Amino acid sequence: MNAHVVTAPAVPPARTFRPAWSARAIAAFSGTTGLAVKIVLLSLSNALAAWAGFVLADKGKWPALGVLVLATATLDWIYLSKRTLPLKFLAPGVVFLVGFQIVPILYTINVAFTNYSTGHVISKPDAIQQIKLVSLEAPPSARQYTMAPARDHGGKLVLILREDATGNGYVGTKEGLTPLPAGSVKAGALGIVSAPADYKLVKGAALFGLDAQLQDFTVPTDGDSAIRPQGITEAVELRPTLRYDAKRDVFTRISDGKVFHDNGRGSFVSGKEELEPGWKTYIGASNFRSIASNPLVRAPFLRVFAWTIFFATATVFLSFAIGLFLAIALDKQGMRFQRIYRSILVLPYAIPGFLSILVWAGLLNDDFGVVNRTFHLSVPWLFDANWAKVACILVSVWLTVPYFFLVAMGALQSIPAELIEAARVDGGGPWQRFRRVTLPLLLVATAPLLIASFAFNFNNFNVIYLLTGGGPAQGGSNVAGATDILISYTYKLAIAAGKGNDYGLATAVSIIIFLIVATISGIAFWRTKTLEEIR
Amino acid sequence: MNKKHAIMAVLVVALAAIVAAVAGSVNAAVKAPTLTIWTDADRQTAVTQVANQWAASRGVQVNVVQKQFGNIRDDLGTVAAADAPDVIVGAHDWTGKLAANGLVAPLYPKAATLKQFPAYTLNAFSYGTAVKKLYGAPVAVENIGLVVNTKLAKVPTTWAQLEKEALAFKHKKSGNLAIAVQQGTNGDAYHMYPFFSGLGGYVFGKNHAGNLDPSNIGVASAAFTKHASLVDKWNKEGLINAKVDATTAQSAFLKGQAAFWVTGPWNIDTIKKAGIHFRVIQVPAIVKPAVPFLGVQGFMVTKYAATHDVSAAAQDLVANYMMTPAAQTLLAAANNRYPANTVAGKSVKDPYLAQFGKASVGGVPMPNIPQMDSVWSDLGGAWVKATKGSGATKASVAFKAASRSIANKIG
C-alpha cells in the first residue's frame, strides 16, 4: 500500500497533462467562442420570449406576460452579470423544474378544486350563450327559407328570403318581414341568384366577413318567433323556449314560467331539472369530500390501495433479488461468453415496454396463449382475479429485473475486494460474506434506487392497463377491477364516471396518491439515512 | 458592467428584436379567415377533396388537420380557442357528451335534404334533455354482421342451424372456434350486442317524449333474464368464449379455424386479401331478432366556428354541401362505408357493403347520451363473467350485478 503512494507521482513521461473534459468544457465557454455561443443562445432565448410575449399579449393573458418578462429579465441578468456564477449552473435546471414539475402540479391542484367534468367544460358566459342557442325550437308552423344577405340602397344589411314551400319572396330586416313582388326572387342550386334591383347581393369572400353580424341577425315574425340565418344560403324560423335575465342571472322557461338559477356548482337548475351545458367553476373541497363519502369511489379505495402496495413491493423485491442473484452469478472472473449472457439479460430493458407488455398479454391468453399451450396448462392467467395479479407481477418483474441486474453489477464492482478478502481470512463462509459484507454495502448504494423503483411501480400504469386493463371485473358496483392499481383506477374514474369524464374527481384522487407516495418515499429515505450512519 | 458586457447586451436585444419582428409578421399573416377541419387519417383525402370543392365554389379557404379519431372528441374539450377546429368528423355516440359540454352547435338542414336520410341517422345525431336538436350531418353508417366462410360452412338461416354448424365445426379439430366474436379480459359490449338483443336485452329505454331515458336500464330486463340460461348453455358447449379477443378472433377466421366471425365492414378488405369466400348476414334471431348496434359517422360544427366568425361558412359546408349525394358518396367510400344519404346509397356497387346494410335491419343506434360511458365496461364485463368457460358466473346473476352497477354509477 505504502509503496503505491510513493510511486504515484511518477507519472509515465509519455502522457502529457490533460485536464478533465468538464474543465475543458468550462475553459471553452470562457473564451471568444464561448462568448459567441453565449450571445447566440441568449438571443434565441430572448427572441423566443419576445415571440411568446406577442402571442400572450394578443390573447390578453397579462399575468402570464408579466411572469414571462420577469423570468426572461432574470435569466438575462444571471448570464450577463459577473457575480452570479453558481446561478449560471443552477438556472437551466430551475427552468425545467418549474416548467415540467411545478406547473403541472399546480395545475393539477387547481383542477382538483373545480367541477371539471362532462357538462362542465366551458366558461359561464359561453354556457349562457350556448343554452340560448340550443333552447331555440321550431314553432309548429315553422317556415324554411332560401336566404342571401344583401345591402339595400342605404348600404344596410338585409336578408333576401324565398320561402321554400311557396316560392314567395321577402326582404327581412331587424324590424320585420316585407313581401317582394312575385317572381322577383329566384333561387338556383347555390342559393338565391337574383333579387330586385334595389338590393345588392353580397357575394364571395365578403359574405364571410359578415359572419359576426349574421350570427345576431334576427327577423322578428309572430310573437317570439324570428327568422335566423343558418349558413349563407338558408334561414329558419325559430322561437326561444327559455329567456335569460342578465340582471337576476336566471333563465325562465317561457312555457311554464319555471325559473332556473345558478346553483353555485356550475349549472342552472330548477329543482331536479338542470340546463345543459353547465360551466367549469370552483367548488371548494367537494371532490375530496366525495372520495370519503361517495360509495363508488370509497368502496374499492382500500382494496385497490392494498393491492397497489403489494404490487409495487413485490415487483421491487423480486426484481432486486433476481437481478442481484444474476449479477453475482455472472460476476465470476474468466467466465466464458460472459458478455453474451449479460447482453441477453439486459434485452427486456431494451425493448419498449408498450410492445413487450402487449406481447405478454397474448402469450398469457388463457385458451390460446403460448404459455398455456406449450406447457399444457389451463391456468386462467387473465380471467381469474388472483392469477391475473400473479400475471401482473410476473410481467412487471420481467420488465424490472434488467434494471436491477445492471445496478447490482455496477454496485458489486464498487465493493472493495479487500473487504471480502478480509472476511474470508476471518473465516466467513460464502453466505456469511454475502449476508454480512456484500449485501449491507450494496444496500447503501442501491437503497435510493429501490425507493425510486417502488415509487415508479406504485404508479406503473402501463403494465396494468396494457396487460389486464385492470380486469377481470369485480362484482358489485365497482369501478375498479381486480388488478387495478390506484393510478389506473383514477384513470377509470376520469373517463368512465356516471356521465363520462370527471377530471376534477380524478385529479383529487391523484393528489391523494401523490401524498401517499411522497410519505412512503420520505419515510424510506429517512430510514436509508440511518442505514448510512450505521456504516 | 464593463464595455464588453454592454456590447453583449446590445447584441442580445438587437437579435431578439429581429426574430420577434419576423415572428410577429408570421402571426399577422395567419389571421386570414380560413375554416379548420379535424378529420381522421382514413377520411383525410376525401374530406380535403370535398372541402376544397366547396371552398372553391364559395371563395373561402380550408385547413384540414389530421387527428386520431378518438382524440378528436377528447381534444375538442381541451384545445385553446385559437387552435380549435370549426368542423369535426365524429361518431354519433359522441353527440350527447359534446352537446352537454356545449362544444357543438345545432344544425338546421333544409327539409328537402333531411328527406334523403333515414330517420335513425338523424336521430342518432340528435340530443337534448329539453329541446332535441340535430348536431351532426350523417355521412356514413356502419354495423357488425355475421361473416360466414362459405367454403367451411353453410349460410345458416335459423339460430338452431347456426348453433349446430358452429359446434360441429369446433369439434372437427382442436383449436377451432365455434363463433369468433371478440371479448377479451375487459369484454366488448359492442360486438356482443346481437346476442344481447337476441335474448331481449336493451341498454336504455325511451321516455314518453321519445328520448333515451338513463333511468330505464334494460341490461337485466325481464325478457333477457328469462332467457339468460341460454348464455350459460352457450358457455358450457363453448359456442361463445370470452377468452377470444380481437386478434384471436381475426386470426382464427383468416386461418380457417373459425367459420363464423362477428365483425364489421372495416374488415372487408382484410378478408378479401386472405382470399376467403364469404357472405355477411345478420345473426339469426335467437328468441328475438339479434340486431346489431348501429353506428353513424358524420360532421359537426363546433362552438368555436362562432368564436372564429366562420359559423355561417361552417354551417353551409356541413348542413348543406356535405349532405348532398355527391359529397356523401365520396366521404362514405373513403373508409369503405355505406353512405347515410339514401340517394347516394343507390349508387353503391360493393356486394359486401350491401350485405352489411341488410344485416343492419332493425338495428339500434348506439345510445348517444353521455351516461353510455357507464355502460360499456359493466355490460362487457357481465358477458366475460358469464362466458369465460369454467368458473363462469350464471348469466342472470352477472347481468343483474352489471345492471345494479350501471344504475349506481349514473346515480
Task: Members of segment A:250-308 that are more than 23 Å from residue A:114 (Cα to Cα), in contact with a Ser or Thr (Cβ under 8 Å, 6 or more places away or on another chain) and away from every other protein chain (no Cβ under 14 Å) - done: A:259, A:307
TODO: Looking for whichever is modelled with pLDDT under 90, under 27 Å from residue A:202 (Cα atoms) and more than 18 Å from the chain's Cα centre (by Cα) here; the options are B:61, B:53. Which one fits?
DONE: B:61
Open item on the list: Based on this model, can you work out whether residue B:256 counts as over 13 Å from residue B:191 (Cβ atoms), free of Cβ contacts under 8 Å to residues at least 60 places away in the same chain and either part of a loop (DSSP other than H, G, I, E, B) or not hydroxyl-bearing (Ser, Thr, Tyr) (or both)?
Closed with: no
Task: Residues (exposed (fewer than 13 other Cβ atoms within 10 Å of the Cβ) and either of a type in the set (Phe, Trp, Tyr) or under 17 Å from residue A:39 (Cα atoms) (or both)) located in segment A:89-104 - done: A:89, A:92, A:96, A:100
- [ ] Go through segment B:324-381 and tell me which helices (runs of 4 or more DSSP H), entirely inside it, have 1 or more residues that are under 14 Å from the mean Cα position of the chain (by Cα) and at pLDDT below 95.
- [x] B:325-334
Task: Condition check for residue B:166: at pLDDT 95 or above, within 21 Å of the chain's Cα centre (by Cα) and crowded, with 19+ Cβ neighbours inside 10 Å - done: no
Open item on the list: With the requirement that a residue be within 14 Å of chain B (Cβ to nearest Cβ) and touching a Lys or Arg at 6+ places or on another chain (Cβ under 6 Å), what does segment A:155-183 give you?
Closed with: A:163
Task: Residues of segment A:184-199 satisfying the condition of being touching a residue at least 40 places away in the same chain (Cβ under 8 Å) and more than 10 Å from chain B (Cβ to nearest Cβ) - done: A:187, A:192, A:195, A:198, A:199
TODO: Select from segment B:387-407 the residues that are part of a loop (DSSP other than H, G, I, E, B) and touching a residue at least 12 places away in the same chain (Cβ under 8 Å) and list them in ascending order.
DONE: B:387, B:388, B:389, B:392, B:394
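With the requirement that a residue be charged (D, E, K, R) and over 21 Å from residue A:467 (Cα atoms), what does segment B:176-214 give you?
Restricting attention to segment B:176-214, the residues satisfying the condition of being charged (D, E, K, R) are B:188, B:206, B:213.
Result: B:206, B:213.
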Open item on the list: Give me the residue from segment A:200-216 that is surrounded by fewer than 21 Cβ atoms within 10 Å (Cβ to Cβ) and touching a strand residue (DSSP E or B) at 6+ places or on another chain (Cβ under 7 Å) and, out of that set, farthest from the other protein chains (Cβ to nearest Cβ).
Closed with: A:200
Task: Selected residue (criterion: nearest to the other protein chains (Cβ to nearest Cβ)) from residues of segment B:144-187 that are closer than 17 Å to residue B:276 by Cα and assigned to a loop (DSSP other than H, G, I, E, B) - done: B:176
- [ ] State whether one or more residues within segment A:507-526 are away from chain B (no Cβ under 14 Å), in contact with a Pro (Cβ under 8 Å, 6 or more places away or on another chain) and of a type outside the set (Val, Ile, Thr).
- [x] yes
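Residues are listed down the side, and each one gets a yes or a no for (1) free of Cβ contacts under 8 Å to residues at least 12 places away in the same chain; (2) assigned to a loop (DSSP other than H, G, I, E, B); (3) exposed (fewer than 13 other Cβ atoms within 10 Å of the Cβ):
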{"site": "A:355", "(1), (2), (3)": "yes, no, yes"}
{"site": "A:360", "(1), (2), (3)": "no, no, no"}
{"site": "A:390", "(1), (2), (3)": "yes, no, no"}
{"site": "A:398", "(1), (2), (3)": "no, no, no"}
- [ ] Could you check how many residues of segment B:188-215 are modelled with pLDDT under 90 and at positive phi?
- [x] 1
- [ ] Quick one: count up the residues across segment B:96-134 that are within 14 Å of chain A (Cβ to nearest Cβ), more than 20 Å from residue A:143 (Cα to Cα) and either hydroxyl-bearing (Ser, Thr, Tyr) or in a strand (DSSP E or B) (or both).
- [x] 5
- [ ] Restricting attention to segment A:268-313, report how many residues are part of a strand (DSSP E or B) and on the phi > 0 side of the Ramachandran plot.
- [x] 0
TODO: Answer yes or no: is there a residue in segment A:63-73 that is within 12 Å of chain B (Cβ to nearest Cβ) and either surrounded by 12 or more Cβ atoms within 10 Å (Cβ to Cβ) or of a type in the set (D, E, K, R) (or both).
DONE: yes
TODO: Quick one: in segment A:267-284, of everything that is under 30 Å from the mean Cα position of the chain (by Cα) and of a type in the set (Gly, Ala, Ser), which residue is surrounded by the most Cβ atoms within 10 Å (Cβ to Cβ)?
DONE: A:278
- [ ] Considering only segment A:407-432, state which residues are touching a Leu at 6+ places or on another chain (Cβ under 9 Å), in contact (Cβ under 8 Å) with a residue 12 or more places away in the chain and either within 24 Å of residue A:338 (Cα to Cα) or not assigned by TED's automatic domain parsing to the domain that holds residue A:320 (or both).
- [x] A:407, A:408, A:409, A:411, A:412, A:414, A:415
TODO: Could you grab me the full set of residues in segment B:53-78 that are within 11 Å of chain A (Cβ to nearest Cβ), among the aliphatic types (A, V, I, L, M) and more than 23 Å from residue B:128 (Cβ to Cβ)?
DONE: B:55, B:60
Open item on the list: Looking at segment A:326-342 only, could you name the residues that are modelled with pLDDT of 85 or more and loosely packed, with under 14 Cβ neighbours inside 10 Å?
Closed with: A:329, A:340
Open item on the list: When you check residue B:234 against the structure, is it out of contact with any Ser or Thr (no Cβ under 6 Å at 6 or more places or on another chain), assigned to a helix (DSSP H, G or I) and under 26 Å from residue B:394 (Cβ atoms), yes or no?
Closed with: yes
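The values are calculated or read from the model by the stated rules, or taken from the named source; none is laboratory data. Predicted model only: the values in this text are computed from it and were never measured. FYI the Cβ positions are ideal-geometry reconstructions off the backbone, even for glycines, and counts take in every protein chain you see.
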